[in-house]
Structures are given as C-alpha cells and as structure tokens.
Amino acid sequence: MAPAKEMSKNKMFGGFNKKFSHDSACLSCEMKFSVFLPPGATEGAKVPVVYYLSGLTCTDDNVIQKSNLQRKAAELGIAVVCPDTSPRGHNVEGEADSYDFGVGAGFYLDATVEKWKHWRMYEYVTSELPAVLASILPELDLSRSSIMGHSMGGHGAITIGLKNPSKYKSISAFSPICNPINVPWGKKVFGGYLGEDEATWKEYDACELIKSFSGDKLPILVDQGTADNFLAEQLKPETLEAAAKAANYPVTIRMQEGYDHSYFFIATFMDDHLKFHAEHLKA
C-alpha cells in the first residue's frame, strides 16, 4: 500500500484540518480525503472516529468548509474522517453525463457491471480507508468508530453500518435516501452499477437490510427537513420508519420544520449528531 501524502494542514478550534491523497488499490486511482483532528490527539491519547459520507456532486471539501463540525468535534475530542464520493480520473464513457451517476456519485456500493468495475466505494470506506488511516494517523482509535452521512452519504452510512455492526458504535444521517430500490435515484444507479437483477439491489437498501437484520442493533439517528425538495420523490423517510417499526429496530427520525437539503440544514444539526455519536463512542 502506497503511503498517503499530506496535502494541507489548517488549525481550527485548537485542532487541525488535514487533507491527504493516496493511490487507492481498490479504486485504481488517486483518492483524496480530509480529517479533522481535535486538540490533544496524540499517539498516547487516541481519539474516537466518526466517518462522514458526503452526498451527490460533493467532495470531502464540502462538509469540512460548510458544516462547522470542527467546533463541536474539538470540544468532544472526536476525529472526523471525510472521504471523497467516487473514484475520479478513469474517463469511463458517460461517467460525467449526469450529476447522479458516475463521477461524484459512487453511492457507497461495489459495482458488479464490468464497465463500472472501479466504482467500489463500499470496499474503500469499510476496508481500504481505515487501513490507510491506521498507517498514517496512530492518534486515531479506529476500534471506536461511528458513521454518518448526507443524502447519498446518508444512504451509505445507514447501509454500511447495518452491514457491519461490529465496526461501528452508532449511525446517523441527514436527509438519507432511505429506500433506493423504489426511487428514481436508486433505480438508475443500481441498474447501472449492479445490473438488471433487482434482487442484488436489496443488499444496498436500508429498509431491506433492517427487515432482514440480525445481531446487535446499532442506534440510528436521522434528521430530515420538511422543506427538502427531494423529500417526497427520492428520500422517503416514512419507509425507513415503517421498516424499523416492523423489525423493532431503534431508529429515531426527526422531521425538522422548514429546513431544506442544504448545508444550512446540516450545519444547524451537526452538533446534535456529533453529541449522539460521542455518547456511544465513549460509553
């Protein structure tokens, strides 16, 4: 595994935003990610980790620059790791034709269609990225990790957490795509990356995973704005609520009056999510 290179370092609230690049083996391209390290994080005083998965068209920069996560993360003593949203630079035909498929739209799955063989964001987030972090940041306690995300990244956080309950302590999401096999974004992406066999799509659908879940249940917190223009057609939190109720799974869904899909919404409730994770990371 090639070593990651530090690209930038900016002090904030006593901690540091660091941006790295590395050659990804599973995605076969250069990948970039950002980490906020709280003050006092040293190899002798390891800190827990929250992974933040971004939404469509985003990179690791959006949440670092727009959410103000650093203030509360510094106070709580939590590191936040922010990967990019897809492989880049492969120049696959059609990869940039639409905002919701291809570049910037990895959907945190492992593609099985040959054309999109490098789109393996599930493997990247769950396996390769933690290994890279362990090699360059000994101040991280990766045995204490939680996961969160927004929109496409909210879908990723919930599905990855449900599929790997031993890796994480808690899950949260802003405006997640809750039932992708039944909405336009999911049908387009799953058909493109996974092929026509819709039975395989269920492996990356939060509602389907909750229905079939067994094992230790991770707590899930979801915030959803009522003024979100994607709410009715693409996000459908009521499907997640129904699946969780039927399976007796602990999901808290908070409908936030008047909030939209933007980082104004995320910044408003970011502190709540970090406090939620801190409670479970430090329990």
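Yes/no matrix, rows are residues, columns are (1) surrounded by 21 or more Cβ atoms within 10 Å (Cβ to Cβ); (2) in contact with a helix residue (DSSP H, G or I) (Cβ under 8 Å, 6 or more places away or on another chain); (3) closer than 28 Å to F265 by Cβ; (4) among the charged types (D, E, K, R):
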position	(1), (2), (3), (4)
K187	no, yes, yes, yes
F190	yes, yes, yes, no
E198	no, yes, no, yes
L209	no, yes, yes, no
K217	no, no, yes, yes
Q224	yes, yes, yes, no
A227	no, no, yes, no
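Take the residues in the range 258-280 that are of a type in the set (D, E) and in a helix (DSSP H, G or I), then tell me which one is farthest from K211 (Cα to Cα). Give the derivation first.
If we filter the range 258-280 for residues that are of a type in the set (D, E), which is where we start, we get 260, 271-272, 279.
Going one step further and asking which of them are in a helix (DSSP H, G or I), we end up with 271-272, 279.
On the way: D271: 30, D272: 27, E279: 26 Å.
Looking at the filtered set, the residue picked out is D271.
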Which count do you get for residues in the range 238-257 that are surrounded by 17 or more Cβ atoms within 10 Å (Cβ to Cβ), outside any strand (DSSP E or B) and touching a Pro at 6+ places or on another chain (Cβ under 8 Å)? 2
Expected output for the range 228-245 (first residue closer than 18 Å to K202 by Cβ and without any contact (Cβ under 8 Å) to a residue 40 or more places away in the chain, partner of a type outside the set (D, E) and not in a helix (DSSP H, G or I), Cβ below 7 Å, 6+ apart or cross-chain) is A244/V251
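Between A283, A232, which is of a type outside the set (F, W, Y), out of contact with any Ser or Thr (no Cβ under 9 Å at 6 or more places or on another chain) and in a loop (DSSP other than H, G, I, E, B)? Talk me through it step by step, then tell me what you get.
Working: A232 fails: in a loop (DSSP other than H, G, I, E, B).
The conditions single out A283.
If we scan the range 160-179, do we find a residue that is of a type in the set (K, R), in contact with a His (Cβ under 8 Å, 6 or more places away or on another chain) and crowded, with 17+ Cβ neighbours inside 10 Å?
yes
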For a quick check of your reading of the model, give me the residue pairs whose first member lies in the range 1-30 and is without any contact (Cβ under 8 Å) to a residue 24 or more places away in the chain, whose second is of a type in the set (D, E), with beta-carbon atoms closer than 9 Å and at least 6 apart or on different chains. A2/D23; K18/E6; S21/E6; S21/E30; D23/E30
List the residue pairs whose Cβ atoms are under 7 Å apart, where the first residue sits in the range 177-193 and is closer than 18 Å to G102 by Cα, the second is among the small types (G, A, S), and the two are 6 or more positions apart or on different chains. I177/S151; I177/G154; I177/G186; P180/G186; V189/A105; Y193/A111
Which of the residues that make up the range 60-97 are touching a residue at least 24 places away in the same chain (Cβ under 8 Å) and among the polar types (S, T, N, Q)? N62, S67, N68, Q70, T85, S86
Matching residues, the range 116-148, being within 25 Å of L194 (Cα to Cα), of a type in the set (G, A, S) and touching a Phe, Trp or Tyr at 6+ places or on another chain (Cβ under 6 Å): none
Number of the exception - G149 against (1) crowded, with 17+ Cβ neighbours inside 10 Å; (2) out of contact with any helix residue (DSSP H, G or I) (no Cβ under 7 Å at 6 or more places or on another chain); (3) touching a residue at least 24 places away in the same chain (Cβ under 8 Å): (2)
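Quick one: which strands (runs of 3 or more DSSP E) lie wholly within the range 1-115 and hold at least 2 residues that are in contact with a strand residue (DSSP E or B) (Cβ under 6 Å, 6 or more places away or on another chain) and surrounded by 15 or more Cβ atoms within 10 Å (Cβ to Cβ)? Steps first, answer last, please.
On the way: elements: 5-12, 15-24, 29-37, 47-53, 79-83.
Per the criteria, 15-24, 29-37, 47-53, 79-83.
Here's the yes/no breakdown for (1) closer than 17 Å to A131 by Cβ; (2) at pLDDT 95 or above; (3) among the acidic types (D, E):
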{"position": "K9", "(1), (2), (3)": "no, yes, no"}
{"position": "F13", "(1), (2), (3)": "no, yes, no"}
{"position": "N17", "(1), (2), (3)": "no, yes, no"}
{"position": "S21", "(1), (2), (3)": "yes, yes, no"}
{"position": "S28", "(1), (2), (3)": "yes, yes, no"}
{"position": "S34", "(1), (2), (3)": "no, yes, no"}
{"position": "L37", "(1), (2), (3)": "no, yes, no"}
{"position": "G44", "(1), (2), (3)": "no, no, no"}
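The values are calculated or read from the model by the stated rules, or taken from the named source; none is laboratory data. Computed from a predicted structure; not experimentally measured. Heads up, the Cβs are rebuilt from the backbone with ideal geometry, glycines too, and the neighbour counts pull from every protein chain shown.
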